[in-house]
Structure formats: C-alpha cells, structure tokens
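Working notes, structure below.
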Amino acid sequence: MAKMIKIAAASFATTILACTLLIGSAGARSGQASEAERNRAAIARGLQAWADGTGSPYDLLSENARWTITGNSRAAGSYPSKQAFIDGVIRPFNARMRDRLIPSVHRLYAEGDTVIAHFDAKGVALDGMPYVNSYAWILRMQDGKIVKAHAFFDAIAFDDLWTRVIPAERR
C-alpha cells in the first residue's frame with residue numbers, strides 16, 4: 001500500500017509539473033499575442049487617425065526609424081531616419097496634393113513585433129486628377145514605435161503623380 005501511495009504521489013507530482021510547464025508556455029505565448037495585438041492596435045489607431053485627418057501612422061515612427069520603399073519608383077530607396085523620410089517623400093508628396101490622401105484599410109496582420117498593413121489610399125492632386133494607390137507596409141515595432149518599415153505600392157501610379165504635378169512650394 002505504501003508503494004502504491006508513493007507511485008500515486010509521484011504521478012500526481014509529475015502531472016502538476018506538466019501542467020505548470022504547459023500553463024507557463026501558454027502564458028509566454030499569450031504574452032507574444034498581446035505584444036502583437038498591442039502593435040496591431042497602435043497601427044490601426046494611426047491609420048484611423050490618418051483617415052479621420054487627426055494624425056497619421058508616421059507619428060509612430062521612432063526618430064531613427066529606417067523606411068525602405070521597395071521597387072523602382074522615383075522615391076524607391078532607404079531613408080535612414082524619420083526626418084529623412086518625411087523630408088524626402090511625405091512632404092514633397094503632400095505638396096502635390098489638393099485633397100489629402102485618405103486610406104481605406106483592407107487588413108492588418110500582426111505577429112510579435114511585426115505588423116503588416118494592406119490598404120488603398122485616394123486623394124486629389126493639385127492638377128485636379130485623382131491619385132489612387134494600393135499599399136502593403138511591413139512594419140517592425142519596438143516599444144510602441146515603428147523602427148523599420150518596408151513599403152510596397154504601385155510605382156506607376158506614384159511616378160505619374162511625382163512627375164506630372166509640380167509641388168506647391170515650387171510654384
């Protein structure tokens with residue numbers, strides 16, 4: 001009988017240990033899920049603020065964020081800081097627009113420190129012509145800020161605007 005009690009106690013201790021390990025690993029996974037959800041929510045808020053005209057996802061850029069525009073557009077390349085990206089792409093782009101660009105989000109995907117945003121955006125250029133493009137951004141987050149981005153979009157639509165419309169500050 002004493003041997004059976006020892007076996008049962010050992011079995012019980014093994015079960016408790018296994019449950020503790022499972023709960024601990026589930027907690028670690030839920031920590032990752034909550035990091036992903038926090039990052040996804042931050043980007044969702046930034047895109048919504050952009051749509052509402054009250055802010056933008058660029059507000060989430062860390063000062064030393066690296067933004068890379070892939071492909072062959074006139075703006076393609078890597079921008080080593082928030083300021084370089086804003087000065088090199090965003091300000092000259094906005095200076096070509098009569099009506100601001102408004103995003104319409106299709107989907108946001110998040111895993112760990114990475115968020116992927118798939119959206120379309122529309123606006124009206126200074127020459128009265130519509131600007132419409134589709135975007136996919138792969139964003140790496142750290143402490144609620146974007147630290148690295150890869151942007152994909154229709155380079156033909158972008159370059160058409162970039163070459164056709166003279167920025168307002170140059171007029």
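The values are calculated or read from the model by the stated rules, or taken from the named source; none is laboratory data. Computed from a prediction, not measured in an experiment: that's the story for all the values here. Cβ: placed from backbone, ideal geometry, glycine included. Neighbour counts: every protein chain shown.
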Which of the following residues is over 29 Å from ARG38 (Cα atoms) and of a type in the set (Asp, Glu): ASP143, ASP99, ASP87? ASP99
Filter pass, ARG98 being at pLDDT 95 or above, in a strand (DSSP E or B) and basic (Lys, Arg): yes
Failed item, numbered, when HIS118 is tested on (1) exposed (fewer than 14 other Cβ atoms within 10 Å of the Cβ); (2) outside any helix (DSSP H, G or I); (3) in contact with a strand residue (DSSP E or B) (Cβ under 8 Å, 6 or more places away or on another chain); (4) of a type outside the set (A, V, I, L, M, F, W, C): (1)
Going through GLU37, GLU63 one at a time, which residue ends up being over 26 Å from ILE156 (Cα atoms), at pLDDT 95 or above and exposed (fewer than 10 other Cβ atoms within 10 Å of the Cβ)? GLU63
Give the residues of the range 45-65 that are touching a residue at least 40 places away in the same chain (Cβ under 8 Å), closer than 18 Å to ARG140 by Cβ and assigned to a helix (DSSP H, G or I), sorted by residue number. LEU47, PRO57, LEU60
Index of the failed condition, GLY144 passing every other in (1) in contact with a helix residue (DSSP H, G or I) (Cβ under 9 Å, 6 or more places away or on another chain); (2) surrounded by fewer than 16 Cβ atoms within 10 Å (Cβ to Cβ); (3) over 18 Å from ALA49 (Cβ atoms); (4) not acidic (Asp, Glu): (3)
What are the pairs with Cβ atoms under 6 angstrom where one residue, in the range 128-157, is closer than 21 Å to ALA84 by Cβ and modelled with pLDDT of 95 or more and the other, located anywhere, is of a type outside the set (Val, Ile, Thr) and not in a strand (DSSP E or B)? Sequence gap at least six, or different chains. ARG140/ASP113; MET141/ASN39; MET141/ASP113; LYS145/LEU60; ILE146/LEU60; ALA155/GLY71; ALA155/ASN72; ALA155/SER73
When the residues of the range 66-85 are narrowed to those that are within 16 Å of the chain's Cα centre (by Cα) and in a helix (DSSP H, G or I), which ends up surrounded by the fewest Cβ atoms within 10 Å (Cβ to Cβ)? LYS82
Selection from the range 94-115 of residues surrounded by fewer than 14 Cβ atoms within 10 Å (Cβ to Cβ) and among the small types (Gly, Ala, Ser) yields SER104, GLY112
Extreme residue, surrounded by the most Cβ atoms within 10 Å (Cβ to Cβ), among residues of the range 147-166 that are within 10 Å of the chain's Cα centre (by Cα) and under 12 Å from GLY71 (Cβ atoms): ALA151
Considering every residue within the range 19-26, establish whether at least one is among the β-branched types (Val, Ile, Thr), at pLDDT below 95 and on the phi < 0 side of the Ramachandran plot. yes
